[in-house]
Amino acid sequence: MDYPLVQGTRVEWSSVEVKLAGAAALGIKDFSYKDALEPTKVYGLHAQPLGRTRGVYTAEASITLLLDEADALIQLLGAGFKEVVFDVTCAYSEGGKTITDEIIGCRIKTTDQALTQSADGTSRKFDLDVMYIIWNGKESLAAPLRGLPA
């Protein structure tokens with residue numbers, strides 16, 4: 001990458017496209033997601049670790065939607081909406097290059113509604129239980145699960 005970026009622009013909030021269960025959503029106030037692979041050190045008869053495990057993979061996300069979009073998501077998922085599994089795609093695009101992350105196997109864990117006196121639009125926050133994240137086509141794990149074994 002050449003610095004400084006003179007003839008182009010960087011990705012900003014309005015350059016992001018998010019699809020929830022395949023439906024585009026514009027009324028997003030906040031969206032965050034992360035994953036981790038937490039190794040554990042293995043000890044034996046020495047103070048120094050003998051090695052480490054691959055680790056345990058975890059992923060999580062949260063999204064805050066304006067009230068109409070939050071209700072549209074609940075209506076899309078239907079009755080028992082906290083039991084429905086859906087995927088989220090988040091695409092960042094500015095000036096021709098696109099970065100697309102896939103947040104796979106999401107379920108709504110918590111729904112949080114807070115009302116305060118403000119000129120801001122009313123919103124609703126959802127914490128998501130996530131199975132896996134693919135970062136712009138790259139896997140976090142060397143051998144991720146894909147369906148049932150042969």
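Evaluating 6.51 cos²θ - 1.76 cosθ + 1.60 at θ = phi - 60° for every residue in region 25-37, the Karplus couplings come out as 10, 9, x, 9, 8, 7, 8, 9, 8, 7, 9, 8, 10 Hz, glycine and proline recorded as x. If you take all other residues with their beta carbon under 11 Å from the beta carbon of residue 133, and give Lys and Arg +1 and Asp and Glu -1, the sum is -4.
Take the residue pairs 29/97; 109/138; 41/125 and return only those whose Cα atoms are more than 30 Å apart.
Pairs exceeding the cut-off: 41/125.
Placing unit charges on each Cβ (+1 for Lys and Arg, -1 for Asp and Glu) gives region 18-67 a dipole about its Cα centre, and among 40, 62, 50 the Cα reaching farthest toward its positive end belongs to 50. Considering every Cα-Cα pair within the chain, what fraction, in whole percent, is farther apart than 24 Å? Taking all Cα-Cα pairs of the chain, the fraction more than 24 Å apart is 48 percent.
Loop-resident trypsin sites (Lys or Arg not before Pro) (DSSP state other than H, G, I, E or B) in region 6-61 with no more than 14 further Cβ atoms inside 10 Å of their Cβ: 10, 54.
3J(HN,Hα) along region 96-103: x, 8, 10, 10, 10, 9, 10, 9 Hz, from the Karplus curve 6.51 cos²θ - 1.76 cosθ + 1.60 with θ = phi - 60°, whole Hz, x for Gly and Pro. Only helical runs count toward this figure. For the chain, summing -39,500 (n - 2.57) over DSSP H runs of n ≥ 4 and dividing by all residues gives -2000 deg cm²/dmol at 222 nm.
Once both labels are positioned 7 Å from their Cα atoms along Cα-to-Cβ, the gap between residue 41 and residue 24 label points is 5.0 nm.
Annotation for region 30-73: chymotrypsin sites (Phe, Trp or Tyr not before Pro) lying in DSSP loop with at most 15 further Cβ atoms inside 10 Å of their Cβ are 43. I'd like the orientation of helix 67-77 relative to the chain: the angle between its Cα long axis and the longest Cα principal axis, in ° from 0 to 90, rounded to 10. Once rounded, the angle reads 60 degrees.
FRET efficiency for the residue 71 to residue 136 pair, using the beta carbon distance and R₀ = 22 Å, is estimated at 0.10.
Fully extending the segment from residue 57 to residue 110, taken as 0.36 nm per residue of separation minus the present Cα-Cα distance, adds 17.0 nm. Local charge for residue 104 was computed over the other residues whose Cβ lies under 15 Å away, with Lys and Arg +1 and Asp and Glu -1, and equals -2.
The numbers here are math on the coordinates, done by the rules we state, and not lab data. Note that the coordinates shown come from a computational prediction; the quantities given were computed from them, not determined experimentally. Neighbour counts run over all protein chains shown; Cβ positions are idealised from the backbone, glycine included.
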